[in-house]
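Okay, structure first, notes after.
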Amino acid sequence: AREKLRESEELYRTLSEEIHVGVIIQSAAGEVILCNPKALELLGVTADQLLGKTSPTSDWDVIHEDGAPFPGATHPVSQVIANGRPVRDVVMGVHRPNTNDRVWLLVNADPQLNPDGSVRQVLFTFADITERKQAQAATDKAVQRLQIALEGSQISVWEFDLRTHELWLDAAWETFLDHPAAETRTTALELIALVHPKDRRRVVAAAIKTLKGETSAYVIDHRVQTANGGWCWVHSRGRVIERDPAGQPLRMSGTNTNITRHKQDEAARALLESQLQESHRLEAIASLEAQLRESQKMEAIGTLAGGIAHDFNNILATILGNTELARLDAGASPLALESLEEIHKAATRARDLVRQILSFSRRQPTVRKRLGLAPLLQESARLLRSTLPARVTLEVHCEAALPAVMADATQIQQVLINLATNAMQAMDGKPGRVRFHLDAVILDAEMAAEHPVLHAIHTKRPGPTLRLAVSDNGSGMDAATLGRVFEPFFTTKSVDEGTGLGLSVVHGIVQAHDGVIAVSSQPGRGATFTLYLPAAEAESDVPEPKPGPAPARPLLSLSSGYKILYLDDDRSLVFLVKRLLERRGCQVSAHTNQREALDTLRADPDSFDLVVTDYNMPGMSGLDVAREVRTIRPDLPVAVASGFIDEVLSANAEGAGVCELIF
């Protein structure tokens, strides 16, 4: 019996020492009479600190699962001793003094009874569930955070059981519909009845596609009726989460998001964008109308200026010619020659002014050829550097591989010189910088809308457009000056410094090249003039320029006895030219009436060597006179003089038998 008892005790000791569960045996009085090593490890004490001690309820820091201390009567050991029944799966938190941390234990207590039914001792076992407890706490915290996030983001979770047709929605769904918040169980038919009639077909179709597997997810925006009769916009998403072995769907799950505010903001934004587009459209129309008025004004001024310049040209020709005659007649009189020289200088300035007016009014012929702007700009820069003051620097930047343009090289060079001269004068004698920048832009509808000035080019020829910017860091211009900068004869310079035609001429030349010019400036911050010229079409698409009229025969040199029939409606010019030619030894039959001149020719056709006629005359034009001359004597050379020689006149002159056009 002793041997069996020893073996039993040895087996019990081995089991208690090797088992991974803490074991404590307490007497009915609460004293610890036995403990295994795992118990000491879990409690964080030594055997001396534990054996012989009373119940943990009085000596140890023990708490409930909810964090409250154990009253003595509710401690598992106390309960076992009191009623003699075991206690199962009680969670206790014990503070370990050796590591100063808390361990969570799953406790079971079993009584060992005396023959009379009283409790002799209690077997107290406990397992470490700290990691499980921590994992559970982390899970609970994550769920709590998810719940907070769902509530804050107005997202509702739903699940649909296709076997029972039951639809579960969480409490957030009720807040969408202005109902008391509570989890809802309903059916799909009841829910679809709340969907807006115009959205139901789409909702059902999207759900069927998902159930059939045609789409991986159910995604749709629709409206749901609220408790007060209004409509709530919902973004619904879902997918099949369970299928049977045959692949038939059993359950779907997803979310509903309240997007009513988003839809309202979207509608408001669309309305605002529509209003902004309308505002931009009205601004563009106003800008185009202003451009049209400006263009019409410039066209009217140009027509008026061209007409005045044409007549003024005849007056200047008379002044210059008679000044030359007077020089010859004055002999050696120094005072007379000095006065004639001043007259000649003034008339020459007036002649240059007339040429500018004719250029502004586009009454000079334009010979547009395919050319590159970069070489022309570099050539103009070399010319300008020799004329600009040393205190003004000129910078030129040209991008590579730029397309060509159809332009008159002389007129484009005049534009560059005029703009550079204006920029130099804006320095007011101070050191400064003039910069040319040439590049290409792709002119699309968006850019044309942003800059209404480019609308005309985009309408005619969208695509690559040459952009030439001429900027300076001079005194700049205020808004009032900017509004009149291209007006003819408007200038901020003194009388001796400018005529107010430089920028008007630039404006006219750019328009004649189907381009536009824009200007930006602020007082004290310089100015930038930007030219936009459309790129030339492919070389195969450009028609060859028509050759000018070839002379019927080589022109003869004026010699003594050369007989000329001269016709002009201006008596002053008739008087002048007759005297000039007679001084050269020519015989001149001068006339101011076309019929009289033609009658003179008919009377003796072979007695004349040349006919010179003005082009612009009342009644018969110079070309009409040339045609009549051909009927009288086909081989007689006819020259036509005009202050305005354009492409139309050049083209028609050859057919009329004109051998030379004289400007």
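Could you tell me whether any residue of the stretch 247-264 is polar (S, T, N, Q) and exposed (fewer than 14 other Cβ atoms within 10 Å of the Cβ)?
Among the residues of the stretch 247-264, at least one is polar (S, T, N, Q) and exposed (fewer than 14 other Cβ atoms within 10 Å of the Cβ), which makes the answer yes.
Return the pairs, sorted by first residue and then second, in which the second residue is in a loop (DSSP other than H, G, I, E, B) and of a type outside the set (A, V, I, L, M), the first residue lies in the stretch 468-489 and is modelled with pLDDT under 75, the beta carbons are less than 6 Å apart, and the residues are 6+ apart or on different chains.
Note: pairs meeting the criteria are Arg484/Phe490; Phe489/Gly500.
If a residue has to be modelled with pLDDT of 90 or more and open to solvent by 30 Å² or more (accessible area, probe 1.4 Å) to count, how many in the stretch 560-577 make the cut?
1
Out of everything in the stretch 573-591 that is part of a strand (DSSP E or B) and of a type in the set (A, V, I, L, M, F, W, C), what residue ends up being nearest to the chain's Cα centre (by Cα)? Step through it out loud before you land on a result.
Residues of the stretch 573-591 that are part of a strand (DSSP E or B), as a first pass: 587-591.
With the extra rule that they be of a type in the set (A, V, I, L, M, F, W, C), the set shrinks to 588, 590.
Details: Val588: 70, Ala590: 68 Å.
The extreme case among them is Ala590.
Being open to solvent by 50 Å² or more (accessible area, probe 1.4 Å) and either under 20 Å from Ala374 (Cα atoms) or charged (D, E, K, R) (or both) is the filter here, so list the residues in the stretch 422-438 that pass it.
Matches in the stretch 422-438: Asp428, Lys430, Arg433, Arg435.
With touching a Gly at 6+ places or on another chain (Cβ under 8 Å) and within 24 Å of Thr631 (Cβ to Cβ) as the only criterion, which of Asp599, Asp609, Asp614 stands out?
Checking each option against the conditions leaves just Asp614.
Just to check your reading of the model, which residue among Gly619, Gly657 is open to solvent by 30 Å² or more (accessible area, probe 1.4 Å), at pLDDT 85 or above and at positive phi?
Gly619
Output the residues belonging to the stretch 199-216 that are exposed (fewer than 11 other Cβ atoms within 10 Å of the Cβ) and assigned to a loop (DSSP other than H, G, I, E, B).
Of everything in the stretch 199-216, those that are exposed (fewer than 11 other Cβ atoms within 10 Å of the Cβ) and assigned to a loop (DSSP other than H, G, I, E, B) turn out to be Glu214, Ser216.
For the stretch 408-429, enumerate the residues that are part of a helix (DSSP H, G or I), aliphatic (A, V, I, L, M) and farther than 27 Å from Ala536 by Cβ.
Once the filter is applied, which keeps residues that are part of a helix (DSSP H, G or I), aliphatic (A, V, I, L, M) and farther than 27 Å from Ala536 by Cβ, the stretch 408-429 yields Ala423, Met424.
Just give me the residues in the stretch 148-185 being touching an Asp or Glu at 6+ places or on another chain (Cβ under 8 Å) and modelled with pLDDT of 80 or more, in sequence order. Before you say what the answer is, go through the steps one by one.
Quick first cut of the stretch 148-185, residues touching an Asp or Glu at 6+ places or on another chain (Cβ under 8 Å) only: 150, 156-158, 160, 167-172, 180-185.
Result: Ser156, Val157, Trp158, Phe160, Leu167, Trp168, Leu169, Asp170.
Consider the stretch 224-246. How many of its residues are in a loop (DSSP other than H, G, I, E, B) and open to solvent by less than 90 Å² (accessible area, probe 1.4 Å)?
The number of residues fulfilling the criteria is 6.
Name the residue that is surrounded by the most Cβ atoms within 10 Å (Cβ to Cβ), counting only residues in the stretch 388-407 that are part of a loop (DSSP other than H, G, I, E, B) and among the aliphatic types (A, V, I, L, M). Spell out how you get there, then give the answer.
First, pick out the residues of the stretch 388-407 that are part of a loop (DSSP other than H, G, I, E, B): 388-391, 399-404.
Those left that are additionally among the aliphatic types (A, V, I, L, M): 388, 390, 400-402, 404.
Details: Leu388: 19, Ala390: 6, Ala400: 6, Ala401: 6, Leu402: 17, Ala404: 17.
Among residues in the stretch 388-407 that are part of a loop (DSSP other than H, G, I, E, B) and among the aliphatic types (A, V, I, L, M), the one surrounded by the most Cβ atoms within 10 Å (Cβ to Cβ) is Leu388.
When the stretch 501-555 is examined, which residues are found to be of a type in the set (Ser, Thr, Tyr), open to solvent by 60 Å² or more (accessible area, probe 1.4 Å), part of a helix (DSSP H, G or I) and at pLDDT 60 or above?
Once the filter is applied, which keeps residues that are of a type in the set (Ser, Thr, Tyr), open to solvent by 60 Å² or more (accessible area, probe 1.4 Å), part of a helix (DSSP H, G or I) and at pLDDT 60 or above, the stretch 501-555 yields nothing.
Sort out which residues of the stretch 624-641 are surrounded by fewer than 19 Cβ atoms within 10 Å (Cβ to Cβ) and either over 16 Å from Leu601 (Cα atoms) or free of Cβ contacts under 8 Å to residues at least 24 places away in the same chain (or both), and write them in order of number.
Answer for the stretch 624-641, where residues must be surrounded by fewer than 19 Cβ atoms within 10 Å (Cβ to Cβ) and either over 16 Å from Leu601 (Cα atoms) or free of Cβ contacts under 8 Å to residues at least 24 places away in the same chain (or both): Thr631, Pro634.
Could you pull out every one of the helices (runs of 4 or more DSSP H) wholly within the stretch 1-55 that has 1 or more residues that are of a type in the set (Ser, Thr, Tyr) and more than 21 Å from Val91 (Cβ to Cβ)?
Those helices (runs of 4 or more DSSP H) span 2-18.
Go through the residues of the stretch 101-111 one by one and say whether even a single one is part of a strand (DSSP E or B) and of a type in the set (Lys, Arg).
yes
The values are calculated or read from the model by the stated rules, or taken from the named source; none is laboratory data. In this text, all values refer to a predicted model and were calculated from it rather than measured experimentally. Cβ: placed from backbone, ideal geometry, glycine included. Neighbour counts: every protein chain shown. Just the protein is used for accessible areas: all its heavy atoms, side chains included, with ligands, DNA and RNA removed. Shrake-Rupley method; radii C 1.70, N 1.55, O 1.52, S 1.80 Å.
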